[in-house]
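This report concerns only the one structure given below.
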Amino acid sequence: MSESGFRAEPPTLFLTDADVAALADWDDAIAALRAAYARPDEPTRTPERTVAVTDAGWQRILPAAPAGGRFAGSKTIAASLRNGLASYLITLFDQNDARLAALIDGNRITGIRTAATAAAALTAMLPDRPVRVAVVGSGFEARAQLRAASRVARITEVRVTSPTPANRERFARELGDELGLEVTATASAEEAVRGADLVLCAARSRDESPTVLAEWVAPGATVVSIGSTTRSQRELDAALVGRAALIVADAVAEVLHDSGDLIAARAAGFDPDAVTVSLHALLGGDVTRPDGIAIYKSTGSGFQDIVLAEQLYDRAVAQGVGTPLPVGILTIRK
């Protein structure tokens, strides 16, 4: 140990994907994110994500230091597109002493925080009555979206669709039993979406053509879109974005300029900028949901990762979960 450097105590805690699964709770996650987004937006605390492109894929970094929180940190995503692989790592640094408090496997957190943030948005976007739900997609993200939505919405029925019959039928069977809901698998997105009050979109098409079309969506429906997070990806067609009376964005600049759905809508002559507001504004009470179609559009944010990671870290310490690392990084006096 040098005169200028020391290893802060307690030691860095490592949380595995299994640890996250054991610690996570939907109601607590939704409440934490709802409270965090109810605070005023401070853009300098959550800079835009950065991406380093490699020959094999990319590395994406999402930093954040949420207001009112104890920790700052980031999520790093490493993707090997050549091999179809990705890994996620979240770092938590204590803002009081600069200690590296935790390293957390970010795989499961990504799905939980995406769905929990959408559910927080739904608390201010859904009507105060029972709703019929359509789910477009049957994978991990789609399952998470329905689980989280079921915590804040009074759901009467669910229709799910995805390209593979076995997958959508498994979703209907397993989520129906788990949540105690009537879940029906449908052969097409149109069949699932027509007549739905809430449309949960969690799947892009293989050729990046939209999976949900404007003419299928009811006039007062709420649409959650989490599947198109880059400029090349598509999930909602341009006309649906054009029909929206309100678009709520978890990260306004990235949603408007880095989501393929909104880029395509702008190119088609629509003005999504005019109806887009931040989730901070919605949950902070500065905006109310108007009549007409409302879209919650997410590209994901390090803000969500760090809010949820702090909650999981505090719970891990209290319950004795996780692995303290035998070595750590130096904290340097400046």
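Worth pointing out:
- The residue that is nearest to Ser162 (Cα to Cα), among those in the range 92-111 that are of a type in the set (A, V, I, L, M) and surrounded by fewer than 22 Cβ atoms within 10 Å (Cβ to Cβ), is Leu103.
- Listed by position, the strands (runs of 3 or more DSSP E) contained in the range 1-91 that have at least 2 residues being over 30 Å from Val277 (Cα atoms) are 13-15, 71-80.
- For the range 136-157, filtering for residues that are touching a Lys or Arg at 6+ places or on another chain (Cβ under 8 Å) and buried (at least 18 other Cβ atoms within 10 Å of the Cβ) leaves 2.
- Candidate set from the range 160-187 (those that are in a helix (DSSP H, G or I) and charged (D, E, K, R)); member that is surrounded by the fewest Cβ atoms within 10 Å (Cβ to Cβ): Asp177
- Any chance Arg132 is touching a residue at least 24 places away in the same chain (Cβ under 8 Å) and under 20 Å from the mean Cα position of the chain (by Cα): no
- Test result for Arg234, without any contact (Cβ under 8 Å) to a residue 60 or more places away in the chain, more than 14 Å from Ala294 (Cα to Cα) and in contact with a Pro (Cβ under 7 Å, 6 or more places away or on another chain): yes
- Answer from Val131, Val53 - the residue that is touching a Lys or Arg at 6+ places or on another chain (Cβ under 7 Å) and more than 24 Å from Ala36 (Cβ to Cβ): Val131
Yes or no, residue by residue, for (1) in contact with a helix residue (DSSP H, G or I) (Cβ under 7 Å, 6 or more places away or on another chain); (2) over 11 Å from Ile247 (Cα atoms); (3) in the same structural domain as Thr222 (by TED's automatic domain parsing); (4) not hydroxyl-bearing (Ser, Thr, Tyr):
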{"position": "Phe270", "(1), (2), (3), (4)": "yes, yes, yes, yes"}
{"position": "Ala281", "(1), (2), (3), (4)": "no, yes, yes, yes"}
{"position": "Asp291", "(1), (2), (3), (4)": "no, yes, yes, yes"}
{"position": "Ala318", "(1), (2), (3), (4)": "no, yes, no, yes"}
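- From the options Gly68, Gly84, residue that is at pLDDT below 95, under 30 Å from Pro10 (Cα atoms) and surrounded by fewer than 21 Cβ atoms within 10 Å (Cβ to Cβ): Gly68
The values are calculated or read from the model by the stated rules, or taken from the named source; none is laboratory data. Everything numeric here is computed off the predicted structure, so don't read it as measured data. Every residue, glycine among them, receives a Cβ derived from its backbone with ideal geometry; neighbour counts consider all protein chains shown.
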